Amino acid sequence: MESVFSLECHALTFRYGRAAALDGVTFGCTQGESVALLGPNGAGKTTLIKLCLGLLTPTQGTVTVLGQDPKVAARNGIIGTMLQHTHLPGDATVAELLRFQQALYEHPLPMADVVETAGISEILTKRTDRLSGGQIRRVEFAMAIAGNPAVLFLDEPTEGMDLATRQEFWHRLDILKNYGTTVLFASHDLTETDRYSDRILLLSQGHKVAFDQPEQLKRSLGLPRIRFRLQIPLTVEDLSERLRCQVILESEGYVAVTPHVDETLRRIVALPQQAYHFALEDSGLDEVFSHLTAMGGDRHEEIMGRN
Amino acid sequence: MKKLWAAISLDLRRTLRNRQFIFFTLIMPVGFYILYSRMYSSSAQFQGTSWDAYFMVSMAAFGATGVLLNTTGTRVARERMTGWPLYLATTPLTATRYVIAKILVAQVTALASIVIVFVTGMLFNHVQIAWDSWGILVMEVWLGAIPFAAWGLVLAYLMGQSAINYGVTIVYLAGSFLAGLWTPLKFLPSALQHFGKLLPAYQEAAMAWGSLAHRVFDWAHPLTLLGYTIVFGGIARWLFVHQQRLGND
């Protein structure tokens, strides 16, 4: 039976000697889906991307791209890549590199489309050793999409880009997704991950600790937060004791992090220090990230169940 | 073929844009040739031919050797450090095509290097040889340099970016000197003469020196060079496959 996944990993394991860089990771991405790889340093994100690209051979398990072995998929021009630490040849111009890249693929995107999508029209004639970090990342993005690949692998794609370039980058990636390109990207930026991924694959120490939509992850695991201010300030320790939950002091007041919203709210209202300016928030992805990566893989599998 | 041509085309443009490379591999041999040939009388005879013609072949072999070692050695090692071949492995350009493109570009550049030295010999030192003999000399020096493409790859896969310059310089300069490209072997101590005759740079130049002196073609030279190509090529291939398994290229 033909797989419904553009990218499919099953029990994927890779060991460097005895140490497992990736241990039994299973997941799949459908066409046009954007999946973010999230995890602390050493979680196995880059190893996973290298396995998906055929640059490493799995110790155990399988990985397929459109049903093909990654090496075959690369040879067939199905894959587009932005690696984390590739230095483009400094003695080549941007236009030369793009023409070269297009010549490698059977059905490349027209040059004008690549240039427009990556926003590099003003640097086409420049040598790559004369570009800024952000410009180089844009050129690498242009090269990744030049062959019109079905699946894009992006390792820390916005590293080195300024804010405006980042926003532009995600906007352009959204357009490609709408045309059916599947995207797997690794990132350390939780805000970008939250905003631009359809699903998040969270790794910790080589294990899959979560694979779900960002909203679902936050809902399942994050604790709600109650923001409030006090007419007469209290210390965080004193407040934590009175409210019987974790309290954080921020510049705009206090934040109570609690699984029992009603009960905690009642306690806050009952405080003689007169609480005001209430706001109830869901937890952020940062909290989910810290919580899950600290918890580890096995325990989370039990909690999430449905991955 | 389209992919290979794209790789060759990009690499050739990059090579010709590299001023340092052009100076050391295309211009320096010509400079040395002009300088050294002026140190002796133009009518001086050596090994059955004129010194100008003899040393022209020496410097053509020196230049070709340098081009091949630098292109397949230094440049491939540097690119490996930058991750460029790793990136290319994710494209339809196979690693084998990448290496073939590098060797072909090196051979084309080496041909240019040889022709430049020969044209200098013809124009500056008025070296006179029959037209068909020029063609034979070019082919002998050019094809005789092939082992250095394989040798360069061995160095590239064995050494890191910091060590490759030393490796290539030792093989290039020391190898050329010991092979008699700078000072004819007969002026070196007898032990060095024996050792020098084993080196590929000597075998390469000796083919052309023999043609200059109208000696009977000695098949030992091309066969020795073929042996070097097979040995170095085999080692380079083993290292290349080993690196691929480790995911380094």
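The values are calculated or read from the model by the stated rules, or taken from the named source; none is laboratory data. Every value quoted in this text rests on a predicted model; they were computed, and no experiment measured them. Here the Cβ positions follow ideal geometry from the backbone for every residue, glycine too, while neighbour counts run over all protein chains shown.
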Legend entry - Pick from the range A:73-85, criterion at pLDDT 90 or above and either touching a Leu at 6+ places or on another chain (Cβ under 8 Å) or more than 9 Å from chain B (Cβ to nearest Cβ) (or both), ranking: surrounded by the fewest Cβ atoms within 10 Å (Cβ to Cβ): A:77
Inset, instruction - Please specify each residue of the range B:81-94 satisfying the condition of being hydrophobic (A, V, I, L, M, F, W, C), facing chain A (nearest Cβ under 7 Å) and assigned to a helix (DSSP H, G or I). - result: B:84, B:86
Legend entry - Residue satisfying all of: in the range A:1-12; assigned to a strand (DSSP E or B) and surrounded by fewer than 21 Cβ atoms within 10 Å (Cβ to Cβ); nearest to the chain's Cα centre (by Cα) among these: A:8
Legend entry - Test for residue A:159: is it touching a residue at least 24 places away in the same chain (Cβ under 8 Å) and assigned to a loop (DSSP other than H, G, I, E, B): yes
Inset, instruction - Grab the strands (runs of 3 or more DSSP E) fully contained in the range A:163-275, keeping just those with 3 or more residues being modelled with pLDDT of 90 or more and in contact with a His (Cβ under 8 Å, 6 or more places away or on another chain). - result: A:225-230
Legend entry - the range B:148-180: number of residues that are in a helix (DSSP H, G or I), of a type in the set (A, V, I, L, M) and crowded, with 16+ Cβ neighbours inside 10 Å: 10
Inset, instruction - Please report, ordered by residue number, the strands (runs of 3 or more DSSP E) entirely within the range A:13-66 with at least 1 residues that are without any contact (Cβ under 8 Å) to a residue 40 or more places away in the chain. - result: A:19-30
Inset, instruction - Just name the residue that is nearest to residue B:143 (Cα to Cα) out of those in the range B:207-247 that are in contact with a strand residue (DSSP E or B) (Cβ under 9 Å, 6 or more places away or on another chain) and crowded, with 16+ Cβ neighbours inside 10 Å. - result: B:209
Inset, instruction - Mind listing just one residue for me: the one in the range A:95-125 that is away from chain B (no Cβ under 12 Å) and touching a residue at least 40 places away in the same chain (Cβ under 8 Å) and, of those, surrounded by the most Cβ atoms within 10 Å (Cβ to Cβ)? - result: A:118
Inset, instruction - Taking residue B:95 as meeting all but one of (1) closer than 30 Å to residue B:1 by Cβ; (2) buried (at least 19 other Cβ atoms within 10 Å of the Cβ); (3) under 23 Å from the mean Cα position of the chain (by Cα), write down the number of the exception. - result: (2)
Legend entry - Filter pass, residue A:144 being modelled with pLDDT of 95 or more, within 14 Å of another protein chain (Cβ to nearest Cβ) and in a helix (DSSP H, G or I): no
Inset, instruction - Kindly check whether there is at least one residue in the range A:110-128 that is under 23 Å from the mean Cα position of the chain (by Cα) and part of a loop (DSSP other than H, G, I, E, B). - result: yes
Inset, instruction - Please give the number of the condition residue A:88 fails out of (1) more than 12 Å from every other protein chain (Cβ to nearest Cβ); (2) in contact with a helix residue (DSSP H, G or I) (Cβ under 7 Å, 6 or more places away or on another chain). - result: (1)
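So that you can scan it fast, the table gives a plain yes or no per residue for (1) part of a helix (DSSP H, G or I); (2) at the interface with chain A (Cβ under 9 Å from one of its Cβ atoms); (3) over 28 Å from residue A:95 (Cβ atoms):
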position: B:3; (1), (2), (3): yes, yes, no
position: B:15; (1), (2), (3): yes, yes, no
position: B:25; (1), (2), (3): yes, no, no
position: B:31; (1), (2), (3): yes, no, yes
position: B:40; (1), (2), (3): no, no, yes
Legend entry - Scan of the range A:157-215 for residues that are of a type in the set (Val, Ile, Thr) and farther than 20 Å from residue A:284 by Cα, ordered by number: A:158, A:165, A:175, A:181, A:182, A:183
Legend entry - Counted residues, the range B:181-193 - those being in a helix (DSSP H, G or I) and buried (at least 16 other Cβ atoms within 10 Å of the Cβ): 2
Legend entry - The listed residue being in contact (Cβ under 8 Å) with a residue 60 or more places away in the chain, under 30 Å from residue A:150 (Cβ atoms) and in a helix (DSSP H, G or I), out of B:97, B:78: B:97
Legend entry - Residue under evaluation residue B:106, criteria (1) small (Gly, Ala, Ser); (2) in contact (Cβ under 8 Å) with a residue 60 or more places away in the chain; (3) touching a Ser or Thr at 6+ places or on another chain (Cβ under 7 Å); (4) closer than 20 Å to residue B:9 by Cα, criterion not met: (2)
Legend entry - Tally of residues being part of a helix (DSSP H, G or I) and surrounded by 18 or more Cβ atoms within 10 Å (Cβ to Cβ) across the range A:129-141: 7
Legend entry - Subset of the range A:15-72 that is within 14 Å of chain B (Cβ to nearest Cβ) and more than 16 Å from residue A:153 (Cα to Cα) - its residue that is modelled with the lowest pLDDT: A:17
